[in-house]
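The values are calculated or read from the model by the stated rules, or taken from the named source; none is laboratory data. Keep in mind it's a predicted model, so treat the numbers as computed, not measured. Just the protein is used for accessible areas: all its heavy atoms, side chains included, with ligands, DNA and RNA removed. Shrake-Rupley method; radii C 1.70, N 1.55, O 1.52, S 1.80 Å.
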Amino acid sequence: MKLRRLVAKNLRYLRQEGGLSQEELADRAGLNRNYIGMIEREENAPTVDALEQISAALGIDPVVFFQER
């Protein structure tokens with residue numbers, strides 16, 4: 001599985017598991033809601049900095065984005 005797809009899949013799963021909308025997650029991470037959506041739709045690959053911000057907002061270790069479920 002491509003890393004972009006894996007990150008997108010895990011981001012959507014973790015966000016929904018946490019009961020957050022894209023907008024809520026974006027606010028917590030200090031990012032734009034559209035950017036979160038683009039990552040989830042595999043239209044954009046997140047930067048390392050963005051993954052760090054998103055993982056902090058979700059309260060997880062960033063390595064979780066790269067684990068197959």
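For the chain, what is the accessible area per residue in Å² when the probe is 1.4 Å?
With the other protein chains kept in place, the chain gives 62 Å² per residue.
Can you list which of the DSSP-assigned H helices in the chain have a Cα extent of 18 Å or more along the long axis and an average Kyte-Doolittle score of at least 1.6?
TM-like helix candidates: nothing returned.
Considering only protein heavy atoms and a 1.4 Å probe, what is the carbon-and-sulfur percentage of the accessible area of the chain?
That fraction is 46 percent.
P(r) tail for the chain, what percent of Cα pairs lie past 16 Å?
Value for the chain: 35 percent of Cα pairs lie more than 16 Å apart.
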